[in-house]
Amino acid sequence: MIFEHNYIEGRTIEDVWRDAMWCCVRNGYAYRVEVGSYEGQLRKQMDYAVLRILEPFTRPLSVQTPEACGFSAPTSEEKIWSYFSHYIVGTGKSSNEDYTYGEFIAPQIPRAVELLNNAAGNTNQACIQIGNENSINLNDPPCLRVITFKVVNGLLQMSVFFRSWDLFAGLPENLGGLQLLKEYVLAQLTFPVQDGPIVAYSDGLHIYEQYFSLVNALNIDKID
């Protein structure tokens, strides 16, 4: 299990989550964060990664951890649903938030659905962008930047790009919520199409130092 070129393919979100942690431990590089979340901490990060989840719709969407490891999973079905409804398609934000993904995503969903329906899936234009020209000036710019929908061999495929991505705690909830978004779009399509894979790209997929001991408990290889 080498994961040549940091390409990871699995059936479920949990399968890919576990293999991605193993790959990051083996292939990642360590550096101390100077600007960004958890400044001063070490990150173990891959310079790039491609994740392909073949059946991301498999329930439960949330990942599981063995009782023997002594800690609970980083998300749950309830947390994933709340993340989807409030942060991916919801447009409200709290006073301490500069943005939510939903304020960018929600207004673009009708047009993405329209593009797919008008072309019966034969289009590459159903692309949702997160952030704008001012986002780079934020203290914490959006991590998720692009979501695309394509119909490939009769399956609705979602592709996403994260500029930075918390592998241990963030990825399971992010992918679960994005799968619910894909199902939301799928339910509005008026031509024959079935649910399909998620392909996720990142050039900043990482494990924070605060999670090293937890990742070590779940992997054969250990982070030094």
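If you run the Gaussian network model on the chain, springs between alpha carbon atoms under 10 Å, then out of Ile147, Ile105, Ile136 the most flexible one is Ile136. Ignoring lysines fewer than eight residues from Lys222 along the same chain, the ones with Cα atoms less than 17 angstrom from its Cα are Lys44. In straight-distance terms, cross-link reach from Lys79 covers every one of the lysines whose alpha-carbon lies under 18 Å from its own, apart from those fewer than eight places away in the same chain; here that gives Lys93, Lys182. Extending 7 Å from Cα along the Cβ direction at Ala217 and again at Val33 yields two label points whose distance is 2.1 nm. Where does the Debye-calculated log10 I(q)/I(0) of the chain sit at q = 0.09, 0.15, 0.17 Å⁻¹, using only Cα point scatterers of equal weight, no solvent? For the chain at q = 0.09, 0.15, 0.17 Å⁻¹, log10 I(q)/I(0) is -0.37, -1.03, -1.30.
Each helix, a run of at least 4 DSSP H residues, gives -39500 (n - 2.57); summed and divided by the residues of the chain, these come to -8000 deg cm²/dmol at 222 nm. Once the Kirkwood radius over Cα pairs is known for region 8-103, the Stokes-Einstein relation at 10 °C and 1.306 mPa s delivers a diffusion coefficient of 99 µm²/s.
Suppose we keep just the DSSP beta bridges with both residues in the chain; what percent of those would be antiparallel, to 5?
Numbers: 24 of 37 bridges.
The antiparallel proportion sits near 65 percent.
Multiplying the residue separation of Tyr48 and His5 by 0.36 nm and removing their Cα-Cα distance gives an extension gain of 14.6 nm.
In the chain, the longest principal axis of the Cα atoms and the axis of helix 170-186 are about 10 degrees apart.
Relative contact order for region 47-203: 31 percent, from Cα pairs under 8 Å spaced at least 6 residues apart, divided by residue count.
Throughout, read-outs are computed from the coordinates displayed, never taken from laboratory work. Note that the structure is a prediction, hence the values are computed from the model and not measured. Cβ sites come from the backbone with ideal geometry, for glycine too, and all protein chains shown count toward neighbours.
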